[in-house]
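Since the structure comes first, as structure tokens, the remarks are kept for the end.
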Amino acid sequence: MSGHGTPTPMTSHCAEPLKGTAEVPGDKSISHRSLILGAMAIGETKISGLLEGDDVLDTAKAMQAFGAEVTNHGGGNWSVHGVGVGGFAEPDQVIDCGNSGTGVRLIMGCMATSPISVTFTGDASLNGRPMARVTDPLALFGTKAVGRKGGRLPMTIVGAAEPTPVRYVVPVPSAQVKSAVLLAGLNAPGKTVVIEKEATRDHSERMLAGFGAEITVEDTDEGRVITLTGQPELKPQVIAVPRDPSSAAFPVCAALVTPGSDVLVPGIGLNPTRAGLFYTLQDMGADLTFENPREEGGEPVADLRAKFSPNMQGIEVPPERAASMIDEYPVLSVVASFATGKTMMAGVKELRVKESDRIDAMARGLRANGVTVDEGEDWWSVEGLGPDGVLGGGTCESFLDHRIAMSFMVMGMGAQNSVTVDDGNPITTSFPIFEPLMTGLGAKLSKG
Ligand code: S3P
């Protein structure tokens, strides 16, 4: 839904050692895709472990508006009775995707090749984000889009009645753009080809194959070439959503910066297109280990054990790793503040068009807490102050961005003084149990 109610400040006070097990919720990317592909299959898809954050709940409502039957059975168990590829009805209301870029871009893709018109909106953050990156390739199918200046929401998409398949080289490293084109290709006759120069999260490819679509992926000199044959009959699936590595990042990083901590975060997907943060933390010298490595639902999974790590060093994060940890730079910059020496993060221009301009949002908040940050258009660096050198005491704006709010809560746990964000409400978009989970480990969070 658009908006998060009256802003509620949230403060993180210097924590006791964090101890125990942190069972983080389901993966946000896989949750969106489970609902959308379930709605495009014929028959009943059963989903367990669905993330019940606002972003995903908005996608569930959207799928209902397109005619799918979406049922919440409680305890993270959901079912979707799909209408089939090309079976979407025209919603009689505006589709409100709240805060979710993934939600709106994937849903635009999945309706773009059906003969229906749909108007999309979102909250102030989403309505400021660029949509041309999706509507440009959708236009190649014959889809029309009319939005505000700069390709912003609210926007009406008129689906192509007679779509033609496309060949598209994705110009920015974006799984959302790749996925929107693939989802549109589902209802176009013939082969839709998407080429990405840098590999981004591959959940859409894996899940489309799981739902029975004909899809191939080839690594070539041009990049990753994904070929999808249109107009398949998607078969309903039974999906157990793995726990979200992007949410696991918060208890893991909190443990690394809070003296005396030892936290287990079980069952985290280590899909190489998502796990970049954990390898970066290990490169910095973090006491972070992968226990009980195994495979679940075709994905590598492990239990993460994170302990207080007073000897971390600043590093140059390899730019080619950026796509695999794009949502984790905010919390990495907090960890970097507790390391010794400079951490350089380059090749990260995409951070400027997330739920907020994440380089700007983090730089302001880090400076308010005594940390030196330098930045350019596609890079930033943080001067580490060592394990007990972060002053804290600052109040930071969260800019309607869940990951900014949670990152500063982590900072407060290890800093000398409390850290406050002006609004903790956005946290429910991706991690609705953040507060009880972190306080259960020993964090001291207060609201108001
Ligand atoms: C997502 C892709 C990423 C990521 C977002 C989720 C997805 O965005 O930041 O949180 O589920 O496809 P981009 O594809 O725009 O990089």
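The values are calculated or read from the model by the stated rules, or taken from the named source; none is laboratory data. Bear in mind the structure is a predicted one, so any value in this text is a computation, not a measurement. Every residue, glycine as well, gets a Cβ built from its backbone with ideal geometry; the counts of neighbours run over all protein chains shown.
Kindly establish whether GLY276 is of a type outside the set (D, E, K, R), out of contact with any His (no Cβ under 9 Å at 6 or more places or on another chain), within 16 Å of the ligand (Cβ to nearest atom) and touching a residue at least 24 places away in the same chain (Cβ under 8 Å).
Numbers: of a type outside the set (D, E, K, R): yes; out of contact with any His (no Cβ under 9 Å at 6 or more places or on another chain): yes; within 16 Å of the ligand (Cβ to nearest atom): yes; touching a residue at least 24 places away in the same chain (Cβ under 8 Å): yes.
Taking the combined requirement at face value, the residue satisfies it.
Across region 381-401, which residue is surrounded by the fewest Cβ atoms within 10 Å (Cβ to Cβ) among those that are part of a strand (DSSP E or B) and of a type outside the set (A, V, I, L, M, F, W, C)?
As a first pass, look at region 381-401 and keep what is part of a strand (DSSP E or B): 381-385, 395-396.
Filter once more, keeping what is of a type outside the set (A, V, I, L, M, F, W, C): 381, 383-384, 395.
Details: SER381: 20, GLU383: 17, GLY384: 22, THR395: 15.
Among those residues, the one meeting the criterion is THR395.
I need a count of the residues in region 88-134 that are β-branched (Val, Ile, Thr) and within 14 Å of the ligand (Cβ to nearest atom).
Initially, region 88-134 is screened for residues β-branched (Val, Ile, Thr), giving 94-95, 102, 104, 107, 113, 116, 118-119, 121, 134.
Going one step further and asking which of them are within 14 Å of the ligand (Cβ to nearest atom), we end up with 102, 104, 107, 134.
Qualifying residue count for the region: 4.
Here are the criteria: (1) in a loop (DSSP other than H, G, I, E, B); (2) within 16 Å of the ligand (Cβ to nearest atom); (3) more than 20 Å from MET131 (Cα to Cα). Tell me which single one THR8 does not satisfy.
If we test THR8 against (1) in a loop (DSSP other than H, G, I, E, B); (2) within 16 Å of the ligand (Cβ to nearest atom); (3) more than 20 Å from MET131 (Cα to Cα), just (2) comes out false.
Name the single residue, out of those in region 421-448 being surrounded by fewer than 23 Cβ atoms within 10 Å (Cβ to Cβ) and of a type in the set (Ser, Thr, Tyr), that is nearest to the chain's Cα centre (by Cα).
THR428
Would you mind telling me which numbered condition in (1) touching a Gly at 6+ places or on another chain (Cβ under 8 Å); (2) among the hydrophobic types (A, V, I, L, M, F, W, C); (3) in the same structural domain as LEU441 (by TED's automatic domain parsing) ILE195 fails?
(3)
Need the failing condition index for MET345 against (1) in a strand (DSSP E or B); (2) within 16 Å of the ligand (Cβ to nearest atom); (3) farther than 20 Å from PHE250 by Cα, just the number.
The one condition MET345 does not meet is (3).
Find the residue count for region 103-121, including only residues that are surrounded by 22 or more Cβ atoms within 10 Å (Cβ to Cβ) and over 11 Å from THR143 (Cα atoms).
Qualifying residue count, region 103-121: 8.
Which number in (1) within 25 Å of GLU328 (Cα to Cα); (2) crowded, with 16+ Cβ neighbours inside 10 Å; (3) not hydroxyl-bearing (Ser, Thr, Tyr) marks the one condition that GLU23 misses?
Going through the list (1) within 25 Å of GLU328 (Cα to Cα); (2) crowded, with 16+ Cβ neighbours inside 10 Å; (3) not hydroxyl-bearing (Ser, Thr, Tyr), GLU23 breaks only (2).
In region 198-222, which residues are more than 13 Å from the ligand (Cβ to nearest atom) and farther than 24 Å from THR143 by Cβ?
Within region 198-222, ALA209, GLY210, GLY212, THR216, VAL217, GLU218, ASP219, THR220, ASP221, GLU222 meet the criteria.
Quick check on ALA68: is it away from the ligand (no atom under 16 Å from the Cβ) and either surrounded by fewer than 21 Cβ atoms within 10 Å (Cβ to Cβ) or at pLDDT 95 or above (or both)? Can you show your working first?
Working: away from the ligand (no atom under 16 Å from the Cβ): yes; either surrounded by fewer than 21 Cβ atoms within 10 Å (Cβ to Cβ) or at pLDDT 95 or above (or both): yes.
So ALA68 fits the description; yes.
Every residue in region 307-322 that is outside any strand (DSSP E or B) and either surrounded by 21 or more Cβ atoms within 10 Å (Cβ to Cβ) or away from the ligand (no atom under 16 Å from the Cβ) (or both), please. Walk me through how you get there before you give the answer.
Going through region 307-322, the residues outside any strand (DSSP E or B) turn out to be 308-312, 314-315, 318-322.
The answer is PHE308, SER309, PRO310, ASN311, MET312, GLY314, ILE315, PRO318, ALA322.
Just for region 349-378: of the residues that are farther than 20 Å from MET312 by Cβ and in a loop (DSSP other than H, G, I, E, B), which one is nearest to the ligand (Cβ to nearest atom)?
Applying the filter and picking the extreme gives LYS354.
For region 150-160, does any single residue satisfy the condition of being among the hydrophobic types (A, V, I, L, M, F, W, C), in the same structural domain as THR227 (by TED's automatic domain parsing), in contact (Cβ under 8 Å) with a residue 40 or more places away in the chain and surrounded by fewer than 18 Cβ atoms within 10 Å (Cβ to Cβ)?
yes
Restricting attention to region 283-298, does a residue exist that is farther than 21 Å from ALA405 by Cα and touching a residue at least 60 places away in the same chain (Cβ under 8 Å)? Reasoning before the result, please.
Here is the first cut: in region 283-298, the residues farther than 21 Å from ALA405 by Cα are 283-298.
In the following step, the residues that additionally are touching a residue at least 60 places away in the same chain (Cβ under 8 Å) were identified as 298.
There is at least one residue in region 283-298 that is farther than 21 Å from ALA405 by Cα and touching a residue at least 60 places away in the same chain (Cβ under 8 Å).
Test of understanding: among PRO189, PRO165, PRO130, which residue is surrounded by fewer than 23 Cβ atoms within 10 Å (Cβ to Cβ), in contact (Cβ under 8 Å) with a residue 24 or more places away in the chain and under 20 Å from the mean Cα position of the chain (by Cα)? Let's see the steps before the verdict.
On the way: PRO189 fails: under 20 Å from the mean Cα position of the chain (by Cα); PRO165 fails: under 20 Å from the mean Cα position of the chain (by Cα).
Step by step, each of PRO189, PRO165, PRO130 is checked, and only PRO130 is surrounded by fewer than 23 Cβ atoms within 10 Å (Cβ to Cβ), in contact (Cβ under 8 Å) with a residue 24 or more places away in the chain and under 20 Å from the mean Cα position of the chain (by Cα).
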